Amino acid sequence: MPRAIQIAAYGGPEQLQLVDVTVGEPGPGEIRIRHHACGLNYIDVYQRTGLYANPLPLRLGMEGAGIVEAVGPGVTHLASGDRAAYASNPPGSYSELRVMPARNVVKLPDGIAFDTGAAMMLKGLTAQYLLKRTLPVQGLQPGDHVLFHAAAGGVGLIACQWAKALGLQLIGTAGSAEKCALALAHGAAHVIDYGKEDFVARVKDITGGRGVKVVYDSVGKDTFEGSLDCLQPFGLLASFGNASGPVPPFALGTLGPKGSLYVTRQTLFTHIATREATQAMADDLFAVVLSGAVKIRIDQRYPLADAAQAHRDLEARKTTGSTVLLP
């Protein structure tokens with residue numbers, strides 16, 4: 001029988017269990033896919049702990065790549081035998097085989113390996129919507145400074161490279177000298193070790209006191225207030241994660257004195273709500289990867305059965321770049 005990683009209760013990595021599953025035929029609008037690799041993301045941790053609640057028992061995982069084995073009625077953009085990759089709801093990519101909605105599954109170009117496809121879809125599409133669709137009111141032009149927290153992570157290293165290709169001056173933060181060096185090597189114009197430096201003061205120093213037009217923040221609670229203080233008047237704080245915990249309630253009135261600021265909470269799944277939007281964003285991502293301007297760095301590979309250890313390492317900030325689980 002095919003196997004999958006499942007939780008029966010919310011909690012720590014010890015809740016991740018490898019179980020046998022039954023996988024049937026795809027229904028209308030669905031496909032059956034056999035995974036060659038599965039992606040690991042921080043959203044998987046949020047779902048495991050219950051911060052993002054789902055019905056239990058729950059199979060985790062939001063991205064993967066493999067071969068389409070069967071398509072259900074109404075699916076016309078994929079066929080049996082296609083190489084495919086996805087970032088998609090509902091969860092379930094931590095598996096050898098699954099049936100899932102076809103809407104967010106796209107053909108994987110021959111020039112992109114399965115492990116790369118599994119490592120790049122959720123993180124790469126996130127970088128795409130941030131840099132291309134989540135923009136300050138003044139827009140972004142070549143030469144503009146942007147601040148990107150957790151710049152040595154999976155999304156961050158993609159964003160460093162893509163921002164450089166767009167001509168942006170990305171200021172990346174990370175939690176160690178090694179991670180800062182990694183972000184710098186991947187295209188960040190400046191790096192800040194926020195374990196040792198005041199990132200607000202450093203941003204002001206780098207920008208000549210002006211601040212940045214936009215902050216992309218997946219850290220959450222620990223960086224939120226400082227992120228606001230890094231912005232120019234009319235600047236945008238784009239929150240897209242909670243690695244340090246959710247942002248607590250704040251007084252809306254503080255945004256006025258700080259420069260009539262904008263704050264938004266983004267999620268990938270709003271951006272890929274239609275097949276057409278998913279395909280357009282994926283085409284943009286595939287093009288920049290195939291061009292060589294963005295390289296997907298996979299620094300950790302674990303057997304599917306070792307998903308619990310992968311979660312421990314992710315939460316302990318021991319990982320860099322992207323991580324994949326191999327069925």
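In sequence order, the range 298-304 has phi-based couplings of 9, 9, 9, 10, 10, x, 3 Hz under the Karplus curve 6.51 cos²θ - 1.76 cosθ + 1.60, θ = phi - 60°, and Gly or Pro positions carry x.
For the range 284-327 versus the range 183-233, the spacing of their alpha-carbon centroids is 25 Å. Residues in the range 103-108 carry Karplus couplings, in order, of 3, 9, 8, 10, 5, 8 Hz; the curve used is 6.51 cos²θ - 1.76 cosθ + 1.60 with θ = phi - 60°, and Gly or Pro positions show x.
Computed over neighbours whose Cβ is under 13 Å from that of Ile192, the net charge equals 0, Lys and Arg +1, Asp and Glu -1.
With runs of 4+ DSSP H residues as the only contributors, calculate the mean residue ellipticity of the chain at 222 nm using -39,500 (n - 2.57) per run, divided by the residue total and rounded to the nearest 500.
Numbers: 9 runs with 92 residues, N = 327.
After summing the helix terms and dividing by the residues of the chain, the value is -8500 deg cm²/dmol.
Using θ = phi - 60° in the Karplus curve 6.51 cos²θ - 1.76 cosθ + 1.60, the 3J(HN,Hα) couplings for the range 228-233 round to 4, 6, 8, 8, 5, x Hz; x is entered for Gly and Pro. Over the C-alpha trace of the range 135-265, radius of gyration and Dmax come out as 13.4, 39 angstrom. Overall, the ratio between the Cα radius of gyration of the chain and 2.2 N^0.38 Å, rounded to two decimals, is 0.99.
Regarding the range 212-258, what whole-number volume in Å³ per residue does the convex hull of its Cα atoms give?
Roughly 60 Å³ of hull volume per residue.
Judged by the mean number of other Cβ atoms found within 10 Å, the most tightly packed of the peptides 185-198, 17-30, 286-299 leads the ranking 185-198, 286-299, 17-30.
For an R0 of 56 angstrom, estimate the FRET efficiency from the Cβ-Cβ distance between Ala79 and Ala201 and round to the nearest 0.05. After rounding to 0.05, the efficiency reads 0.50.
Simple rule: put +1 on each Lys or Arg Cβ and -1 on each Asp or Glu Cβ in the chain, find the dipole, and look at Val45, Thr274, Val106; the Cα lying farthest toward the positive end is Thr274.
Placing R0 at 35 angstrom, the Cβ-Cβ distance between Phe250 and Leu290 gives a FRET efficiency of 0.25 after rounding to 0.05. Counting neighbouring beta carbons within 10 Å and listing from fewest to most, the residues Ile112, Ile5, Ile171 come out as Ile112, Ile171, Ile5. Using a cutoff of 8 angstrom between alpha carbon atoms and counting only pairs six or more residues apart, the relative contact order for the chain works out to 18 percent.
Sorted from fewest to most neighbouring beta carbons within 10 Å, what does the list Arg210, Arg48 look like? Numbers along the way, then the final one.
Values: Arg210 14, Arg48 26.
Going from sparsest to densest Cβ surroundings: Arg210, Arg48.
Here's the list of lysines a cross-link from Lys295 could span, going by alpha-carbon distance under 22 Å and ignoring same-chain residues fewer than 8 apart: Lys107, Lys123, Lys132, Lys164, Lys179, Lys318. Exposure proxy ranking for Thr320, Thr264, based on other Cβ atoms within 10 angstrom of each Cβ and starting from the fewest, stands as Thr264, Thr320.
Of the beta bridges DSSP finds with both residues in the range 135-265, what % are antiparallel, to the nearest 5?
Details: 0 of 20 bridges.
Expressed as a percentage, antiparallel bridges in the range 135-265 total about 0.
Loop only by DSSP, 16 or fewer other Cβ within 10 Å of the Cβ. Give me the chymotrypsin sites (Phe, Trp or Tyr not before Pro) in the range 7-73 that pass, ordered by residue number.
Tyr10, Tyr52
Taken about its Cα centre, the chain carries a charge dipole of about 340 debye when Lys and Arg each add +1 at the Cβ and Asp and Glu each add -1 at the Cβ.
Values quoted throughout were computed directly from the atomic coordinates according to the rules given, and no laboratory measurement underlies them. All of these numbers come straight from a predicted model, not from anything done at the bench. Every residue, glycine as well, gets a Cβ built from its backbone with ideal geometry; the counts of neighbours run over all protein chains shown.
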